[in-house]
Amino acid sequence: MKPGGIMIFLGSIPEICLHEWASFTTKDFPENLTAENGEVVKIIMTDVPDSCPVEDILWDEQSYLEMFHDAGLGLMESLKPLGDTRDGIAWKAELNIARWVIFVVRFISP
């Protein structure tokens, strides 16, 4: 990326592995409740035919920020969108908890 270049990065928030969502479930993985930063957590996607567990790495927001800093990226903005009852989707936890964080970062140094 050139200096001044901008990237949009989508990351999961730690709460993603603790709640029930419109498109995936975590209820079969009680070990998610005690997972710590950097550990594997599991979910099952409910909106696709394959119900095999998907593994993810639990990362907190501070870890994302440290990664950006180490890569020479500066945070411009972070967004945590929520579902809205007017969306026409049967949201679950999304109405009160953002499952994703959208980071907008700028390349500041090589």
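What follows is calculated from the coordinates using simple rules that are stated; it is not laboratory data. All values derive from a computational prediction rather than experimental measurement. Methodologically, a virtual Cβ is constructed for each residue, glycine included, from the backbone with ideal geometry; neighbour enumeration extends over all protein chains shown.
The number of residues in region 1-55 being among the hydrophobic types (A, V, I, L, M, F, W, C), closer than 30 Å to Gly72 by Cβ and surrounded by fewer than 15 Cβ atoms within 10 Å (Cβ to Cβ) comes to 6. Residues that are among the basic types (Lys, Arg) and under 21 Å from Ile89 (Cβ atoms) within region 13-45 comprise just one, Lys27.
Across region 77-110, the number of residues qualifying as assigned to a strand (DSSP E or B) and loosely packed, with under 13 Cβ neighbours inside 10 Å comes to 2.
Condition check: touching a helix residue (DSSP H, G or I) at 6+ places or on another chain (Cβ under 6 Å), within 25 Å of Ile6 (Cβ to Cβ) and touching a residue at least 60 places away in the same chain (Cβ under 8 Å). Does Arg99 satisfy that? In short, yes. Residues of region 5-46 that are under 14 Å from Arg99 (Cα atoms), assigned to a strand (DSSP E or B) and in contact with a Lys or Arg (Cβ under 7 Å, 6 or more places away or on another chain): Ser12 alone. When Asp70 is tested against (1) without any contact (Cβ under 8 Å) to a residue 40 or more places away in the chain; (2) charged (D, E, K, R); (3) touching a strand residue (DSSP E or B) at 6+ places or on another chain (Cβ under 6 Å); (4) within 30 Å of Gly5 (Cβ to Cβ), just one condition goes unmet, and that condition is (3). Can you find even one residue in region 13-24 that is small (Gly, Ala, Ser), more than 30 Å from Ser109 (Cβ to Cβ) and out of contact with any strand residue (DSSP E or B) (no Cβ under 7 Å at 6 or more places or on another chain)? Among the residues of region 13-24, at least one is small (Gly, Ala, Ser), more than 30 Å from Ser109 (Cβ to Cβ) and out of contact with any strand residue (DSSP E or B) (no Cβ under 7 Å at 6 or more places or on another chain), which makes the answer yes.
In the set (1) over 14 Å from Glu20 (Cα atoms); (2) in contact with a Pro (Cβ under 6 Å, 6 or more places away or on another chain), the condition left unmet by Ile44 is number (1). Residues in region 12-48 that are in contact (Cβ under 8 Å) with a residue 60 or more places away in the chain and not β-branched (Val, Ile, Thr): Ser12, Glu15, His19, Glu20, Trp21, Ala22.
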